[in-house]
Structures are given as C-alpha cells and as structure tokens.
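Below: the structure, in structure tokens.
Every number in this text was worked out from the coordinates using simple rules, so none of it is lab data. Keep in mind that this is a model prediction, so the values were computed, not measured. Every residue, glycine as well, gets a Cβ built from its backbone with ideal geometry; the counts of neighbours run over all protein chains shown.
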C-alpha cells in the first residue's frame with residue numbers, strides 16, 4: 001500500500017496566514033469540512049480574527065487555559081463570551097462556542113485554539129456550550145477502550161452540517177476500531193460524511209496514583225499509528241506514524257485503527273460534515289467486524305475516564321452516558 005499525500009499532512013505543512021493548520025476547500029478533493037488551529041499568543045492584543053462568511057464554526061480551546069470571544073452577528077448585535085479551557089487536551093472536555101452563519105469574531109487569550117468549520121446556509125443560534133454539557137462516553141472494551149467527548153454532535157448542538165467530537169486513547173490502546181466508513185447514504189444504516197482528524201500525543205499521564213513519567217531529554221516525539229483504506233466507494237491509502245499537529249483527511253473509505261504507542265497517550269479532534277442528514281451512522285469493515293464480539297466479556301480500561309479527577313462512577317462508566325458498543329466507534 002502506498003500513501004496518497006493528499007490525505008495526510010504532517011505538522012506545519014498546512015500552516016498559513018498565522019495559523020498552524022488550515023484545512024478548507026482550497027485543498028484538492030476537499031469540499032465539506034474545515035479546520036483551523038492557532039496559538040493565540042502569536043496574535044497579540046489584537047486577537048485572532050474570524051471573518052463572517054457562509055460557514056458555521058465551533059471554537060474548541062485545546063490547551064493553555066480559557067479564551068475571550070467578542071462576536072458580531074449579521075444584524076450588528078454584539079456578544080462577549082469567556083470560555084473555560086483546559087491545561088491540555090487530556091484534561092477533560094472544554095467550553096466551546098458555536099458561531100452561526102454570518103457571524104464574525106475576535107478571539108483573545110493564551111494557548112492553542114481549534115476552529116472547526118463547515119460550509120452552511122441555514123442560520124442556527126449562537127451558543128456557548130458549557131464543558132458539563134458535553135457527554136463523556138467510554139467506547140469499546142479492553143485494549144480497544146477509548147473516551148469520546150461529544151462537543152458538537154447532533155444530540156448536543158444545533159447546526160446545519162457540522163459534527164465535532166474528540167477522542168482520547170490511552171497508551172497501548174486502539175481506537176477507530178474496527179475500521180469503519182461513512183462515505184455513502186444508506187438510509188438508517190450509513191451516512192455520507194467527510195472527516196478531519198487532528199492529532200496530539202503526549203507521554204502517558206493516566207494513572208493519578210503514580211508520578212507522571214518524564215521522557216529523558218532528547219527522547220523521540222510521542223507518537224501513534226493511523227491507517228485508512230479503500231472502500232467500494234472511495235479509494236484511499238494512509239498508513240502513517242502520527243504526532244502532535246499532524247492532520248489526516250478522510251474523504252471516505254475505511255478508517256482506523258488509531259493505535260497509541262505504549263508510553264504515549266493519543267488525542268484526536270474529529271470534524272465531520274456531509275451533504276445529507278446531519279447524523280453519524282457507520283458501517284464496519286466486514287472482514288474485521290467480528291472483533292466487537294471478542295471484547296464483549298472484557299471490562300472498560302480502568303484508566304478511563306481521563307482525567308481521574310473526573311470522579312468516575314461505578315464500573316468506570318460516565319454518569320451521563322453509559323459505555324456502549326452501539327453507535328459511532330471513533
């Protein structure tokens with residue numbers, strides 16, 4: 001299998017106009033989703049400007065604390081929001097802000113910010129989504145255990161096209177597994193969704209009862225492995241070693257696994273949108289779908305949920321969403 005350079009972009013290769021990542025319709029073969037990532041401190045007192053357009057957005061603080069957002073709506077009305085952020089992407093969900101079509105904004109603060117985007121024409125309400133409103137789901141079992149934060153899924157946020165979530169995979173575990181696809185409309189079974197993966201990785205910090213390990217000076221970057229392969233609808237080939245700042249684009253095809261190397265925790269932000277119903281339905285790769293049955297009797301990884309300060313209830317299942325193997329399996 002040979003990799004197609006259109007679909008995998010190493011850290012820095014998508015930098016533009018003060019952003020460390022820009023994914024938009026200017027990329028060949030890309031149409032329905034967008035992503036921008038920036039270090040807010042690089043923009044000084046003037047802040048980071050998001051211009052009005054035919055696009056809906058969700059602002060997601062990644063690391064470095066909270067941010068202040070001044071919003072101007074198409075009718076000229078103004079609003080100000082303070083988003084509670086987090087020290088890192090491994091420190092639980094964050095406040096987010098949905099910006100509707102036609103709204104502009106200036107963002108000020110410190111740390112790293114992601115802006116998920118999708119072209120849209122229907123206006124939905126401007127909305128601050130508190131970190132406590134984002135369900136924390138534990139998916140899979142055993143070494144396929146992972147944690148999903150539903151930041152901007154249909155159950156959480158009204159939007160025309162945009163779907164946003166983030167996934168944490170403990171060191172040594174696999175996520176986006178079994179490989180699955182969503183590249184054709186099959187009513188009630190599968191939805192057509194273009195998807196972005198933005199990756200970060202760090203030395204594992206899951207066990208609060210032990211000191212966090214510190215890699216020696218000059219150690220290699222934390223990393224994971226990510227794969228995508230062709231379906232009957234989409235030709236794609238991705239087999240990459242991924243680290244912080246890398247981006248994978250999935251126009252379709254089977255994607256997964258995302259495998260966190262032992263010693264290193266993996267995070268990824270998913271941005272999705274499609275031409276049809278705003279719903280997340282998947283089809284497993286038939287050759288590997290049987291794997292779900294293999295973990296039925298296993299328990300969810302006891303390191304989850306991250307961080308341990310989230311006070312998980314009995315059986316390591318979040319109070320607002322039971323661990324399940326139903327639904328999307330990022």
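Working note: Cα atoms of the range 1-79, range along each principal axis, descending, whole Å: 52, 29, 19. With the Cα gyration tensor of the range 138-179 giving a ≥ b ≥ c as the square roots of its eigenvalues, does the rule (a/c under 1.5 for rounded; else a/b larger than b/c for prolate; else oblate) give rounded, prolate or oblate? Cα axes put the range 138-179 in the prolate bin.
For the range 28-150, what does the alpha-carbon gyration tensor say about shape, rounded, prolate or oblate, given a ≥ b ≥ c as the root eigenvalues, a/c under 1.5 as rounded, and a/b over b/c as prolate?
Details: a/c = 1.75, a/b = 1.37, b/c = 1.27.
Judged from the Cα gyration tensor, the range 28-150 comes out prolate (a/c at least 1.5, a/b above b/c).
Structural descriptor for the chain: relative contact order 21 percent, calculated from alpha carbon pairs under 8 angstrom and at least 6 residues apart.
Assuming 0.36 nm per residue, please report the length gained on full extension of the stretch residue 84 to residue 51 beyond their Cα-Cα distance.
Numbers: separation 33, 0.36 × 33 = 11.88 nm, distance 2.28 nm.
That pair, residue 84 and residue 51, stretches by 9.6 nm at full extension.
In terms of its C-alpha gyration tensor, the range 92-189 comes out oblate, because a/c is 1.5 or above while a/b does not outweigh b/c. Of the peptides 27-36, 92-101, 284-293, the ranking by mean beta-carbon count within 10 Å, highest at the top, reads 92-101, 27-36, 284-293. Take each peptide in 273-279, 85-91, count the other Cβ atoms within 10 Å of every residue, and average; sorted highest first, the result is 85-91, 273-279. Once you reduce the range 107-131 and the range 253-296 to the center of their Cα atoms, the two points are 24 Å from each other.
Is any residue of the range 252-293 close enough, with backbone N under 18 Å, to a label point placed 7 angstrom from the Cα of residue 220 along the Cα-Cβ axis, and if so, which? Only 258-267 pass the distance filter.
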